[in-house]
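The structure appears below as structure tokens.
The values are calculated or read from the model by the stated rules, or taken from the named source; none is laboratory data. Model, not experiment: these values are computed from the prediction. Here the Cβ is made from the backbone with ideal geometry for all residues, glycine too, and neighbour counts use every protein chain on show. Note: areas computed on protein heavy atoms with side chains; ligands, DNA, RNA excluded. Shrake-Rupley method; radii C 1.70, N 1.55, O 1.52, S 1.80 Å.
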Amino acid sequence: MSHEYVLKPFTPEIRLNIDYPRELNEQQLAAVTAPPGPALVIAGAGSGKTRTLTYRVAFLLEQGIPADRILLLTFTNKAAGEMMHRVSDLLGHELRSLWGGTFHSIGARVLRLHAETLGYQRDFTILDRDDAKDLIKACLLDAKIDTKNKHFPKPDVLNEIFSLAANTHNTIEELVEGKFSYFSDFVEQIVDQHKRYIARKKATNGMDFDDLLALWLKLLQDHAEIREQYQRRFQFILVDEYQDTNKLQGDLIDLLAARHKNVMVVGDDAQSIYAWRGANFANILDFPKRYPGAKVFKIETNYRSTPEILNVANAAIAANVNQFAKELAPARKSGVKPALVACTDAGQQAAFIAQRTLELREEGTSLNQIAVLYRSHFHALELQLELTRRQIPFSITSGIRFFEQAHIKDATAYLKFIANPKDEVSFKRLVLLLPGIGAKGADKIWQGFQHEIKAPKSKTPLAVALQDSIALVPKKAVLPWAQFTATISQLEDAAVRQSAAKMLRLVMDAGYDDYLKETYDNYERRLDEIQQLAEFAFQFGTVEEFLTQLALLTNVEAEADPGDDSEKMKLSTIHQAKGLEFEVVFVIMLCDGLFPSSRSTESSDGEEEERRLFYVSVTRAKNELYLSYPLIRGGFGQSGGDIYQSPSRFLSEIPKHLINEWNLR
């Protein structure tokens with residue numbers, strides 16, 4: 001190659017004897033051997049993105065670029081480790097001088113060297129999320145803000161607001177107005193808490209994870225000599241998963257690359273699915289505008305999926321307007337067409353998946369290579385029941401287990417307590433939700449309540465027994481206790497008590513909705529999950545039957561041991577499955593309002609992100625793909641009646657000749 005690279009006279013050339021044309025396909029080779037200057041590499045799903053990046057590092061080294069002049073940025077420690085390991089394999093030895101790692105690890109490394117410039121000491125503490133929450137609590141205490149007696153955001157929510165402000169470059173006022181409008185009455189106090197939090201971090205010589213990026217950027221922006229030092233140092237910058245960068249990360253890259261302009265960003269705009277956590281889709285979409293003359297490389301050869309699956313993938317993303325047009329091309333031989341499976345209801349959908357899984361297992365496909373993907377965790381509740389009944393082992397890889405989440409346990413604690421007044425765990429969980437009551441107080445009230453329940457008037461309603469226990473309640477909790485007692489009274493009513501769904505909806509209407517807003521940063525998702533749990537509950541005849549099935553599902557989840565390497569099929573949200581691949585994939589609940597979600601269709605940007613999410617789900621499949629939807633959701637109407645659903649609009653965008661239609665109705 002005769003490209004003009006900037007060579008340092010003191011740096012010897014490294015000869016690795018890599019036969020690039022033989023080891024890379026034509027598109028990969030073009031990106032790997034690109035001349036200096038800005039470059040955008042659109043790497044389609046399964047196209048060898050990591051291979052391209054690691055060979056690019058090797059190629060730069062062969063051109064005489066010193067390792068310590070190369071910056072390689074990734075998103076996760078796992079990706080960073082894999083990338084560095086592959087580079088070492090290519091070189092035949094470790095390359096310690098290469099600056100490679102996550103954004104946050106590189107930020108920490110830079111800040112350790114220049115902490116004093118920002119008024120910190122070099123031994124600053126890096127605060128994890130719990131540390132940050134504790135510091136915010138101290139700020140609230142200093143300001144004498146009692147978050148328990150009014151609807152002021154809890155420390156976790158404040159932390160999320162502060163974090164989003166840092167990563168999106170929005171002001172606190174803009175964020176509250178747009179995303180947290182239910183806190184608009186407190187905006188001045190939230191701004192004040194943000195200032196206190198920043199001051200307190202500095203006073204305690206601590207930085208949170210957002211500071212590792214925000215203060216790194218501030219260091220470069222405010223100190224010309226340091227900015228120039230790093231702009232000169234990093235002659236070549238490589239960025240992995242660029243479609244997932246936020247505004248802050250995008251600005252950091254642009255500033256570091258301002259001198260040499262030798263920045264190569266690698267990603268897939270069609271897999272940008274994290275806007276909800278601050279990712280800025282404009283970073284990748286507008287890269288050619290920010291870097292005039294940037295070369296755009298497309299790597300479209302897919303080594304993962306059959307041609308038939310790729311045909312569906314290409315059709316699935318075609319309707320998006322905001323994208324770099326590309327066409328995934330197969331490297332594999334032909335296989336079976338993906339199936340579109342129409343089911344009567346969620347129960348039939350679950351039975352189909354269970355039966356087909358057993359058949360696949362008989363045909364020689366390992367359960368570990370079978371995945372069921374869904375938009376939201378509650379979409380798989382019926383399936384979990386069916387797999388449990390059929391004794392098909394499965395693991396759930398969707399982050400925190402659904403039934404172990406605090407809001408699900410809170411809501412179901414009401415039902416457990418009504419069904420069994422001797423349930424001490426549920427009683428104390430509910431009482432501890434009330435302001436002004438701690439663990440000791442909860443135990444004291446529990447003892448008194450038990451005395452009331454065991455009194456001669458044996459059939460005393462729970463609400464009456466609770467009211468009779470009010471003498472044990474701290475003064476500042478008297479009003480919340482009265483509201484709690486009223487809620488229990490409503491739940492005990494015969495017309496409500498017979499239906500778990502009605503009970504759950506009443507819990508939401510009785511104030512738990514407000515508690516979610518002030519306690520959790522992802523309030524809307526948690527609210528959706530409780531509402532869906534209520535609708536799921538309609539299919540059970542009694543509250544006790546619902547709670548029994550809930551316990552069975554919870555125990556199945558609890559048995560999933562991360563260290564257990566036994567054979568299990570995978571159940572996962574699509575977000576959690578990004579980057580993974582399976583021989584067989586089922587994508588379920590493809591109904592309008594579920595996938596795409598009803599909230600996402602309120603804007604064109606939201607719908608396009610949902611379509612990208614669908615594309616990600618399709619491109620996880622290697623050999624077989626099943627797209628399924630139920631026409632009826634039994635018991636999911638407002639009064640527990642059946643409701644009819646429309647197939648997802650995304651399905652209508654796939655030409656019929658690309659799929660086999662299976663009608664199980």
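What the table below lists for this structure:
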| read-out | value |
| --- | --- |
| MRE, 222 nm, helices only [DSSP H, n ≥ 4, -39500 (n - 2.57), over the chain, to nearest 500] | -14000 deg cm²/dmol |
| Cβ-based net charge around Arg361, under 15 Å, with every Lys or Arg adding one and every Asp or Glu removing one | -2 |
| Share, in percent, of DSSP beta bridges within the chain that are antiparallel, nearest 5 | 10 |
| Cα Rg, Dmax, the stretch 337-433, angstrom units | 17.7, 56 |
| Approximate spin-label separation Glu363-Asp254, in nm, with each point projected 7 Å along Cα-to-Cβ | 5.0 |
| Per-bin percent of Cα-Cα distances, the chain [20 Å] | 16, 44, 33, 7, 0 |
| Surface share of carbon and sulfur [accessible, 1.4 angstrom probe, percent] for the chain | 50 |
| Computed log₁₀ I(q)/I(0) - Debye formula, equal Cα scatterers, no solvent, the stretch 153-305, q 0.10, 0.14, 0.16 Å⁻¹ | -0.46, -0.83, -1.00 |
| Under the Debye formula (equal points on every Cα, no solvent term), log10 I(q)/I(0) of the stretch 588-627 at q = 0.14, 0.23, 0.36 Å⁻¹ | -0.33, -0.74, -1.18 |
| Segment Glu173-Asn522, length gained on full extension (0.36 nm per residue, minus Cα span) | 123.8 nm |
| Listed peptides 434-441, 483-490, 257-264, 218-225 by packing density, highest first (mean Cβ within 10 Å) | 257-264, 483-490, 434-441, 218-225 |
| Percent of alpha-carbon pairs separated by more than 18 Å within the stretch 279-330 | 45 |
| Chain lengthening between Ala486 and Leu664 when straightened (0.36 nm per residue, less Cα-Cα) | 59.4 nm |
| Nearest-0.05 FRET efficiency for Val296 and Lys195, computed from C-beta distance (R0 56 Å) | 0.85 |
| Estimated FRET transfer efficiency when R0 is 60 angstrom, pair Tyr20-Leu432 (beta carbons, to 0.05) | 0.45 |
| Accessible area per residue, Å², the stretch 140-262 with all protein chains present, probe 1.4 Å | 43 |
| Values of log10 I(q)/I(0), in the order q = 0.14, 0.23 Å⁻¹, for the stretch 177-245 under a Debye, Cα-only, solvent-free model | -0.73, -1.08 |
| Å³ per residue enclosed by the Cα convex hull of the stretch 10-162 | 186 |
| Cross-link pairs Lys440/Lys517; Lys78/Lys333; Lys179/Lys261; Lys154/Lys195; Lys428/Lys476 - those with Cα-Cα distance over 24 Å | Lys440/Lys517; Lys78/Lys333; Lys179/Lys261 |
| For the stretch 17-98, fraction of C-alpha pairs farther apart than 18 Å, in % | 40 |
| Simple label model, 7 Å out from Cα along Cβ direction - Ser181 to Ile126, nm | 3.8 |
| Label-point separation in nm, His451 to Val336, each point 7 Å along Cα→Cβ | 6.8 |
| For the stretch 303-393, Kirkwood radius (reciprocal of mean inverse C-alpha pair distance, Å) | 15.6 |
